[in-house]
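To start, the structure under review is shown below, and the notes come after it.
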Amino acid sequence: MRIELPYGQGYQTLEIQQEALAGVLTARMPQAPQDQAGLVAQALARPFGSAPLAQLARGKKQVVILASDHTRPVPSRLLMPALLDQIREGSPEAQVTILIATGCHRQTSRRELAEKFGEQIVRRERIVIHDCDDEAMLCDLGRLPSGGRLRINRLAAQADLLVSEGFIEPHFFAGFSGGRKSVLPGVCARETVLANHCAAFIDAPGARTGVLADNPIHRDMVFAARRAGLAFILNVVLDAQKRVVFAAAGDCEAAHGAGCAFLQDRCRISAPPAPIVITTNSGHPLDQNIYQAVKSMTAAEALVRPGGVIVALARAGDGHGGQAFFDQMRSPDLDAVNRAFHTRAPEQTQPDQWQSQIFIRVLKKARVVLVSDAPEAMVRAMHMIPAKTVQEGYRIARTLCGPQAQALVIPDGVSVIAQA
């Protein structure tokens, strides 16, 4: 069999004998309509738990739209014009700011903004990029339910109307992406993000893919969105080709909940554990670095046998994706690193430790072969085995597990909720 697997902006092909294949597991998405703009328009016309956006915009002077950054495949060329039209229909004189919700990621470049929105919006609209470390950008909104300080971007906090665009997919510790995440972590201070991503929360049984109930990370995020005044969201669900298959607009919890409900049954996959699991981070833009690739590894973690091998594809042209993450993961004693995470108070959480904490958990269960363009020395330093092609990675896995070992393939590891 030949199986096409997303890699960067293209694909790699796995050739595997039928008898060696334990299964190919994918989300069961409906066919994308030809008129994706029409799907978005319908969502805006029938918002969940809210008046239409044009009505909310009436009389508003300062409107802020939270937009995702370069690491997310949100179809902003489709969503942003629709939001701007609705806002200006309700308030033609409103000053609109597009605030890029980078969280703790690097700044988005102008080229990336143009790729995301199109040149016309970049030239015409006021766009501000959030910086979680810029004190002049931040203001204090009290405390989160967990006790952490809620400090967010001043533009968002002071807006007459706060709106967001985004997309919803399973998330490996927040349950699902989208909705409230535009505020926390999107436009919060680094210290707020760190407290929300503390070791105890990452270890919580509810902080897992596809879980919102009893999820302490989700609880803090919803509180932050409400306190910030996030009044209206437009979120979409995408298929493997990044086409819109579902759109929901309206109240940040009601519309987000509709998207999560849409995904629950369609994304849930299950199979008996296998000695080899091959997965990807859905290609560009989610596989730009090793940091992001941990997300798809957790889908494989759920279905790999203890002591087995995960073959993860992520182009990782940007390398490790975070110096703190790399420094934590290149330690020769990962158990000691993990113990240190758990001795820190929530407000002492270190940058990227949540990703390292989850990555260490994955490595304790299985060996990881990383198929990437990242330097081999970097990959080895992070306790993985480097490979340049999925075929090479699969050969390494068979060498480690034995020629009779079967492999499960998850072509898009970030789009599924995996369970054995």
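Just so you know, all these numbers are worked out from the coordinates, no wet-lab data involved. Since we're looking at a predicted model, the values are computed, not measured. Glycine also receives a Cβ, built like all others from the backbone with ideal geometry; neighbour counts cover every protein chain displayed.
What the table shows:
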{"read-out": "Virtual spin-label span in nm between ALA200 and ILE3, 7 Å along Cα→Cβ", "value": "4.1 nm"}
{"read-out": "Length added when fully stretched, ALA240-VAL122, from 0.36 nm per residue minus Cα-Cα", "value": "39.8 nm"}
{"read-out": "Highest-MSF residue in the chain out of HIS256, HIS105, HIS171 [GNM, Cα springs under 10 Å]", "value": "HIS105"}
{"read-out": "Cα gyration tensor category, rounded, prolate or oblate, for segment 255-309 with a/c compared to 1.5", "value": "oblate"}
{"read-out": "Burial order of peptide ranges 158-166, 120-128 (average beta-carbon count within 10 Å, highest first)", "value": "158-166, 120-128"}
{"read-out": "Most mobile of ALA41, ALA407, ALA314 in a GNM of the chain (Cα contacts under 10 Å)", "value": "ALA41"}
{"read-out": "Pair ALA261, ASP35: separation of 7 Å Cα→Cβ label points (nm)", "value": "2.5 nm"}
{"read-out": "Euclidean distance between Cα centres, segment 32-75 to segment 224-281, Å", "value": "16 Å"}
{"read-out": "Sorted peptide list for 29-35, 248-254, criterion being average Cβ within 10 angstrom, highest first", "value": "248-254, 29-35"}
{"read-out": "Linear extension gain, ALA136 paired with ALA51, 0.36 nm per residue minus alpha-carbon span", "value": "27.2 nm"}
{"read-out": "Gyration tensor verdict on segment 311-420 (Cα atoms; rounded if a/c is under 1.5, prolate if a/b is larger than b/c, oblate otherwise)", "value": "prolate"}
{"read-out": "Peptides 219-226, 288-295, 81-88 ordered by average Cβ neighbours within 10 Å, highest first", "value": "288-295, 219-226, 81-88"}
{"read-out": "Calculated over segment 36-266: convex hull of Cα atoms, volume per residue (Å³)", "value": "114 Å³"}
{"read-out": "Label point 7 Å beyond Cα of GLU115 along Cβ direction - residues of segment 238-263 with amide nitrogen under 18 Å", "value": "241-243"}
{"read-out": "Distance in nm between pseudo-label sites at VAL24 and ASP373 (7 Å out along the Cβ direction from Cα)", "value": "2.5 nm"}
{"read-out": "FRET efficiency, 1/(1 + (r/R0)^6) with R0 51 Å, evaluated for ARG58 and THR13 via beta carbons", "value": "0.40"}
{"read-out": "Separation between Cα centres of segment 321-344 and segment 381-413, rounded to whole Å", "value": "25 Å"}
{"read-out": "The chain, relative contact order in percent, only Cα pairs under 8 angstrom and at least six apart counted", "value": "21 percent"}
{"read-out": "C-alpha long axis of helix 353-365 to longest principal axis of the chain, angle in °", "value": "30 degrees"}
{"read-out": "Highest-fluctuation residue, LEU303, LEU141, LEU53 considered, GNM on the chain with Cα pairs under 10 Å", "value": "LEU141"}
{"read-out": "Helix-derived mean residue ellipticity, 222 nm - over the chain, DSSP H n ≥ 4, -39500 (n - 2.57), to 500", "value": "-10500 deg cm²/dmol"}
{"read-out": "Cα-based Rg of the chain normalised by 2.2 N^0.38 Å, two decimals", "value": "0.96"}
